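Visitor: Please find one structure pasted underneath; my questions will follow.
The values are calculated or read from the model by the stated rules, or taken from the named source; none is laboratory data. Keep in mind it's a predicted model, so treat the numbers as computed, not measured. Methodologically, a virtual Cβ is constructed for each residue, glycine included, from the backbone with ideal geometry; neighbour enumeration extends over all protein chains shown.
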2 protein chains.
Amino acid sequence: MAADLDKVFNPDSIAMIGASNVPSKWGSFLLINLLAGGYPRENIYPVNPKENEIHGLTAYPSIAALPVVPDLAFVTTPAVTVTGILEECAARGTRNIIVISSGFSEVGEDGVHLERELAETARRHDLNIVGPNTMGIVSTRRRIFAVGAPVQLHPGKISFVSQSGNVGANMLGWTMNQGIGFGKFVGSGNEALLHAEDYIDYFGADGDTGLILAYLEGVDNGRRFIDIVSRISVAKPVIVLKSGRTEEGGKAARSHTGSLAGSDHIYDAAFAQSGAIRAETSQDMLDLAKAFERLPLPRGDRLGIMTLGGGWGVLATDATAMAGLKLARLDDDVIRVCDELLPPFWSRANPIDLVGNIYMDTHLSILEAMARSPEVDAMIVLGSLGTGTIIGLNVLVSQKLIMEMSDDALKGFFTELKDRNISLLNRAKELMLTYNKPIIFVEMQFIGEESLRDLEAGETVIFTAPEKAAIILSRMLGYRRYLERKGAV
Amino acid sequence: MAADLDKVFNPDSIAMIGASNVPSKWGSFLLINLLAGGYPRENIYPVNPKENEIHGLTAYPSIAALPVVPDLAFVTTPAVTVTGILEECAARGTRNIIVISSGFSEVGEDGVHLERELAETARRHDLNIVGPNTMGIVSTRRRIFAVGAPVQLHPGKISFVSQSGNVGANMLGWTMNQGIGFGKFVGSGNEALLHAEDYIDYFGADGDTGLILAYLEGVDNGRRFIDIVSRISVAKPVIVLKSGRTEEGGKAARSHTGSLAGSDHIYDAAFAQSGAIRAETSQDMLDLAKAFERLPLPRGDRLGIMTLGGGWGVLATDATAMAGLKLARLDDDVIRVCDELLPPFWSRANPIDLVGNIYMDTHLSILEAMARSPEVDAMIVLGSLGTGTIIGLNVLVSQKLIMEMSDDALKGFFTELKDRNISLLNRAKELMLTYNKPIIFVEMQFIGEESLRDLEAGETVIFTAPEKAAIILSRMLGYRRYLERKGAV
C-alpha cells in the first residue's frame, strides 16, 4: 500500500517545532527559507516555549497550544526530545512529520536505540515520518522551500528523492543555476519508516511530476522497489544515480547511511528489469534530467548531424558510433536543400558540414529538411548558435579600432545576432513538436555557460560536448525501447 | 630535421596579403584581430593593389613594393593566386607563409592539383607553409591573435596544434572563458608541407611551452610522429585528442581533411609507446589541460578525500575505485587532528566526512594533515568552497525578511565569506608546493560556473563532479608512471 503523502507535500498549515531566533540554528534558517520562499506566513506556526515571537510570527509554547491542527510539522529539536514530540503531534492529530533532527542511527549505538523508539512510536500512531536526519523537502507549487540551503525554484515536472541531503542540496543548486523547473524534493534521511521507494511511489501518482530522479545508496526491500518502479516507469522516466557501485563505495555507503549496499550487479539487473534509467555519474544524472525534461524520445537510432565545421563533425560521428547509434542516410529532399544552399564541394553525406556558413537561413532550412526526413530519428546541431557570438566579437573588436557603427546601429546589430539564435531555437522547438524528434544543440565553449543557460530558456538542450549529446540520445532511445517492449507506446 | 618555425611564431614584421576593408572578408577580420590583439601596427604591412589604406594602415600594391622583408606573410587571396604569391614572397626573401585561403584539396580534384603546385613551389624555395586552409595562428607572448575568431588570451604555458580550425577555435574560446593562459596555437589546415608533428616538435623545443595539446584526425607518417612525441613527452606532457576512433568517424575524417585515419588500435599503441596522453573526449582534453597546467603529478595511487557530506564521499569513493586508485589509510596524525575537530561519531576512515562542519579552520587543519601524511599521494576536497555560498544565501534571505545587519555589516560579512574560500585555495596552493601533491576541489553546482572560474584564478582546479577529479588524477598518475619507466623523474 502506498503511504498517503499528500499532506507532506501539500500541507495547508505547517508547525515548526524548535523554531528559533538564533540565526545559526536549523530552527531559524529553515523557517526563514520557508518564509522567503513565499509559503503563506499566516499558515506557519512556530513552536518554542521560550519565545513569544520568532522572525515576526507568533510563537506557541507547545503543539497542544496551537490554534489549528497543522497538516505538517517540522522538528528540529535534539534527538532525545523527538519521540515525545511525535506523541504530542499524534495527540493533536498531526500525522505528517519531517524530522530534521540528527543524532539517530548515523551517530552509533545510542542513536540506533532512539531511532528504533521513534519508529515504534510512529507506527503505533500511524504517522508519516520523513527522516530522521533529513535535510527537508521542497514542494514548488505550494511554495515550500524547507531545506538547509536557501533554494528557490520555479515550478517544473522533475521530482527528486535523495538518500543524501548533501547530494540532494547540490542537485537543487544545479537546477537553480540551470534554470530547470522543479516539482518536489525530499531528502529521505535515515529512512526510519518511509523509504526512497515510498517517495518514488508517491511521485508516480503525483499529477505535477513528469520525471523522477533518485539518488540512492542502498535499497532495503529490493522486491518492493522493483515492483514500484516497474509500475511507474511505463508512464514516467525514473532516473537513478546509485552509489556504492564498487566494494569501496559500498563500504563508504554503509558508514554513511548504514544502508546495505549489496552487489552492484544486482542493482544493475533490478534497474534494467524495472525500467529505471541508471545514471553513470552525478553529471550524467543532471544531463539526463535536462534531456528527459525537454526533449521527445527518439524512435530510432538514426542521427542527423549538422555542423559548422568538419572537426566537430568527426568528433560527433565517433560519438554516435560509440553510443551505439547510426548516422542517418540523407534522402533526396535533404540533398536537394543542401545542394541549393551549400557550396558544390559540400560533404554530400551525414554529418552535413556547413563549412563555416554563417547565414541563419541556411541553418534553418537544412535543420528543417533533416527533421522532416523519414530517415532521421534525432538531430545534433553543432556550432550554429556560436556563429553569432563570433560575428559579434569580431564586430566589437572592429568597432574599437575603426568605429564604423553608431551606438544605435551597434545595438541593433546585437539585437539581430541574438534574434538569430532565438529564431533557431524557436524553430527547433516547433520542429520537435511537429515531428516528435529530439534536437540537441552543442556549443563547445565560445559562448559562456551562463549565456548558454539564457539561450536554453528552460526549454531546449544545449550541451558543451558532442560526445554528451550522442550518449544522452542513446540513453533516451534505450528507454523508448523499454516502453516498446512493455507495449507502453 | 625540425623545421625552423621561429619566425612563424615570433615574427618582427607581418605582411597581410589580401588585406581588405570589406568587413566580411578574412582579409579584413584577420587584420582587425591582429590589430586588436596588440601586435605593433607599425610592423604590419597590408598588401592589396586596389587600396591605399586599410583599417588605418598604409597598403602596398605588391610584396615587391614593401619597404621591408616581412618575417611572416598571411595569404587570404583566392586559391588560384596563391602559388604566384609564394613565388613573390620567395623572391622578396619572406620564407614563412600562413595560407588561410581555402579551395585546395578539401574541395576535390581541382583543389588537389592546386595544393600539389603550392607544395612544389614551397619546396623549391624552401618555404615554411602553414596550411593551406588553416584558420591561423596565435602567439600570445608576441600578441599575435591571427585567427578567424577574435580571441585574446593571456600568456601561459599551453601550446596547441589542431587539424581542425573549428575545433581549435572552440578550444581557444574555452581557454578564454576558463581564464587559462595560452602560449601558441596553430591550425595545421590541409598540411601540404608542415604536419601536426612538426608543430609538436617546435613546441617541444619552445621555452614558453610547458604543455602540448593536439587535436588530430590522422597522422601520415606514424614513425616520425612516434619519434618526435617520444622525445618530447619525457619533458613536457603531450595531450592528444584523436578523432576517427570508429570506422564511421574515420570515414568522416577522410571526407573532412582527407587524412588516412588508420585503425584506432594502431593510434592507441602509438600514443602509449610515445608517452602521449590520450583524451577520451573533447571535454576530457579540456579537463586534462587544466589539471596538467596547474597541478603537480601524483606520485602514487593513494587518494585522501575530505567531504562536507557523506553522499559525495560515497560517490567519490566509487569514482576512486573505478579510476583504479585507492583510498589512502589515515595515519595517527590525521586521526588525531580529526578527533580534535570533528564530533565523536566522525567516520574515522577515508573519506573524512565533515558532517556539514562550516568552520574553515577545521577544513584547513584536516586538509593540511592529509597533505603532510606520508600515506597520501593526492587529495580531493568536496564541498568546502560551497559552504560560504550557502551561508551567504541564507544570510541574504534572512536579511530581506528580518533586516538584522547594516549595509556595512552585510558587506563585511560577504567579504569574510569570500576570504574563507580564498584562504582555503591559497593554503591548498602552498600545500601543493610544499608537499608536491595535487589537490582538486569539487563543487557540484551551488556556485555558478563563472564564480568557480573566479575562484580558480587560473591557479587551482575546481571540477563540478567527483568522478572527473578521480579520473583526471588517475591519468596524471599514468603519465608519472611513464616518466618513471623512462627514468625521467
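Visitor: B:S102 is checked against (1) buried (at least 22 other Cβ atoms within 10 Å of the Cβ); (2) in contact with a Gly (Cβ under 8 Å, 6 or more places away or on another chain); (3) among the polar types (S, T, N, Q) and fails just one. What number does that condition carry?
Guide: Checking B:S102 against (1) buried (at least 22 other Cβ atoms within 10 Å of the Cβ); (2) in contact with a Gly (Cβ under 8 Å, 6 or more places away or on another chain); (3) among the polar types (S, T, N, Q), the one that fails is (2).
Visitor: Continuing with this model, one more query. Taking B:A192 as meeting all but one of (1) touching a helix residue (DSSP H, G or I) at 6+ places or on another chain (Cβ under 7 Å); (2) away from chain A (no Cβ under 13 Å); (3) not in a loop (DSSP other than H, G, I, E, B), write down the number of the exception.
Guide: (3)
Visitor: Here's something else I'd like to know. Among the listed residues B:L330, B:L308, B:L297, identify the single one that is out of contact with any Gly (no Cβ under 9 Å at 6 or more places or on another chain) and of a type in the set (A, V, I, L, M). Steps first, answer last, please.
Guide: On the way: B:L330 fails: out of contact with any Gly (no Cβ under 9 Å at 6 or more places or on another chain); B:L308 fails: out of contact with any Gly (no Cβ under 9 Å at 6 or more places or on another chain).
Going through B:L330, B:L308, B:L297 in turn, the sole match is B:L297.
Visitor: While we're on this one: Considering each of B:L455, B:L433 in turn, give the residue that is assigned to a helix (DSSP H, G or I), touching a Pro at 6+ places or on another chain (Cβ under 9 Å) and either within 14 Å of chain A (Cβ to nearest Cβ) or hydrophobic (A, V, I, L, M, F, W, C) (or both). Can you show your working first?
Guide: Numbers: B:L455 fails: touching a Pro at 6+ places or on another chain (Cβ under 9 Å).
Matching residue, one of B:L455, B:L433: B:L433.
Visitor: While we're on this one: Name the residue, out of B:A91, B:A122, that is of a type in the set (A, V, I, L, M, F, W, C), away from chain A (no Cβ under 14 Å) and buried (at least 18 other Cβ atoms within 10 Å of the Cβ). Don't jump to the end; show me each part of the working.
Guide: Values: B:A91 fails: buried (at least 18 other Cβ atoms within 10 Å of the Cβ).
Only one candidate passes the filter, namely B:A122.
Visitor: Out of everything in the range B:388-435 that is crowded, with 18+ Cβ neighbours inside 10 Å, among the aliphatic types (A, V, I, L, M) and free of Cβ contacts under 8 Å to residues at least 24 places away in the same chain, what residue ends up being farthest from A:H55 (Cα to Cα)?
Guide: The residue in question is B:L393.
Visitor: Let me ask another. Return yes when B:R92 is among the charged types (D, E, K, R), assigned by TED's automatic domain parsing to the domain that holds B:L153 and within 14 Å of B:A146 (Cα to Cα) and no when it is not. Steps first, answer last, please.
Guide: Values: among the charged types (D, E, K, R): yes; assigned by TED's automatic domain parsing to the domain that holds B:L153: yes; within 14 Å of B:A146 (Cα to Cα): no.
So B:R92 fails the test.
Visitor: Filter the range B:462-478 for residues that are in a strand (DSSP E or B) and either away from every other protein chain (no Cβ under 13 Å) or of a type in the set (S, T, N, Q) (or both) and give the result. Let's see the steps before the verdict.
Guide: Initial filter on the range B:462-478 (in a strand (DSSP E or B)): B:462-463.
Once the filter is applied, which keeps residues that are in a strand (DSSP E or B) and either away from every other protein chain (no Cβ under 13 Å) or of a type in the set (S, T, N, Q) (or both), the range B:462-478 yields only B:I462.
Visitor: Which of the numbered conditions does B:V47 fail, given that it passes all the others? Conditions: (1) farther than 19 Å from B:N133 by Cα; (2) within 30 Å of the chain's Cα centre (by Cα); (3) surrounded by 24 or more Cβ atoms within 10 Å (Cβ to Cβ).
Guide: (2)
Visitor: If we scan the range B:29-48, do we find a residue that is of a type in the set (S, T, N, Q) and within 14 Å of chain A (Cβ to nearest Cβ)?
Guide: yes
Visitor: Still on this structure: Of all the residues that make up the range A:312-360, how many are among the hydrophobic types (A, V, I, L, M, F, W, C), over 30 Å from B:K25 (Cα atoms), more than 9 Å from every other protein chain (Cβ to nearest Cβ) and touching a residue at least 60 places away in the same chain (Cβ under 8 Å)? If you could, list the steps in order and put the result at the bottom.
Guide: Restricting attention to the range A:312-360, the residues satisfying the condition of being among the hydrophobic types (A, V, I, L, M, F, W, C) are A:312, A:314-316, A:319, A:321-323, A:325, A:327-328, A:330, A:334-335, A:337-338, A:341-342, A:345-346, A:349, A:352, A:354-355, A:358, A:360.
So of that shortlist, the ones also over 30 Å from B:K25 (Cα atoms) come out as A:319, A:321-323, A:325, A:327-328, A:330.
Applying the additional criterion that residues be more than 9 Å from every other protein chain (Cβ to nearest Cβ) yields A:323, A:325, A:328, A:330.
Narrowing further to those that are touching a residue at least 60 places away in the same chain (Cβ under 8 Å): A:323, A:325.
Selection size over the range A:312-360: 2.
Visitor: While we're here: Scan the range A:148-159 residue by residue and report those that are within 16 Å of the chain's Cα centre (by Cα) and either within 13 Å of chain B (Cβ to nearest Cβ) or assigned to a loop (DSSP other than H, G, I, E, B) (or both).
Guide: Step one: list which residues in the range A:148-159 are within 16 Å of the chain's Cα centre (by Cα), which gives A:151-159.
Residues satisfying the conditions are A:V151, A:Q152, A:L153, A:H154, A:G156, A:K157.
Visitor: Going residue by residue through the range A:131-143, is there one that turns out to be more than 8 Å from chain B (Cβ to nearest Cβ), on the phi > 0 side of the Ramachandran plot and not in a loop (DSSP other than H, G, I, E, B)? Don't jump to the end; show me each part of the working.
Guide: As a first pass, look at the range A:131-143 and keep what is more than 8 Å from chain B (Cβ to nearest Cβ): A:131-143.
Checking the rest, the ones that are also on the phi > 0 side of the Ramachandran plot come to A:131, A:133, A:136, A:143.
Narrowing further to those that are not in a loop (DSSP other than H, G, I, E, B): A:136.
The answer is yes; a qualifying residue exists.
Visitor: Using the structure shown, decide if A:I180 is touching an Asp or Glu at 6+ places or on another chain (Cβ under 9 Å) and either more than 13 Å from chain B (Cβ to nearest Cβ) or part of a loop (DSSP other than H, G, I, E, B) (or both). Steps first, answer last, please.
Guide: Numbers: touching an Asp or Glu at 6+ places or on another chain (Cβ under 9 Å): yes; either more than 13 Å from chain B (Cβ to nearest Cβ) or part of a loop (DSSP other than H, G, I, E, B) (or both): yes.
Yes.
Visitor: Only one of (1) within 30 Å of the chain's Cα centre (by Cα); (2) surrounded by fewer than 22 Cβ atoms within 10 Å (Cβ to Cβ); (3) among the hydroxyl-bearing types (S, T, Y) is not met by B:T83, so which one is it?
Guide: Condition not satisfied by B:T83: (1).
Visitor: State all residues of the range B:228-247 that are more than 13 Å from B:H195 (Cβ to Cβ), away from every other protein chain (no Cβ under 14 Å) and part of a helix (DSSP H, G or I); if no residue qualifies, say none.
Guide: Looking only at the range B:228-247, we keep the residues that are more than 13 Å from B:H195 (Cβ to Cβ), and these are B:230-247.
From the residues that got through so far, the ones that are away from every other protein chain (no Cβ under 14 Å) too are B:230-239.
Correct list: B:S230, B:R231, B:I232, B:S233.
Visitor: Name the single residue that is nearest to the other protein chains (Cβ to nearest Cβ) among those in the range B:280-294 being assigned to a helix (DSSP H, G or I) and of a type in the set (D, E).
Guide: Result: B:D284.
Visitor: Check A:I305, A:I335 and return the single one that is crowded, with 23+ Cβ neighbours inside 10 Å and farther than 23 Å from A:N177 by Cα.
Guide: Values: A:I335 fails: crowded, with 23+ Cβ neighbours inside 10 Å.
Checking each option against the conditions leaves just A:I305.
Visitor: State which residue is nearest to A:T460 (Cα to Cα) when the search covers only the range A:404-438 and only residues that are of a type in the set (G, A, S) and over 24 Å from the mean Cα position of the chain (by Cα).
Guide: Narrowing the range A:404-438 to residues of a type in the set (G, A, S): A:406, A:409, A:412, A:423, A:428.
Subset that is over 24 Å from the mean Cα position of the chain (by Cα): A:406, A:409, A:412, A:423.
Details: A:S406: 34, A:A409: 30, A:G412: 25, A:S423: 13 Å.
In this case the residue turns out to be A:S423.
Visitor: May I pose another question? Within the range B:302-328, count every residue that is in a loop (DSSP other than H, G, I, E, B), at pLDDT 95 or above and closer than 19 Å to B:L382 by Cβ.
Guide: If we filter the range B:302-328 for residues that are in a loop (DSSP other than H, G, I, E, B), which is where we start, we get B:308-309, B:323-325, B:328.
Filter again for at pLDDT 95 or above, leaving B:323-325, B:328.
Filter again for closer than 19 Å to B:L382 by Cβ, leaving B:323, B:325, B:328.
Looking only at that region, the number is 3.
Visitor: Only one residue in A:G111, A:G103 is of a type outside the set (F, W, Y), part of a loop (DSSP other than H, G, I, E, B) and in contact (Cβ under 8 Å) with a residue 24 or more places away in the chain. Which one?
Guide: A:G103
Visitor: Need a quick list: helices (runs of 4 or more DSSP H) entirely within the range A:332-407 having at least 1 residues that are at pLDDT 95 or above and over 22 Å from A:D419 (Cβ atoms). Explain how you work it out, then say what you get.
Guide: Values: elements: A:332-341, A:360-372, A:384-402.
Hits in the range A:332-407: A:332-341, A:360-372.
Visitor: Being touching a Gly at 6+ places or on another chain (Cβ under 8 Å) and either of a type outside the set (A, V, I, L, M) or assigned by TED's automatic domain parsing to the domain that holds B:N436 (or both): is that true of B:S398 here?
Guide: no
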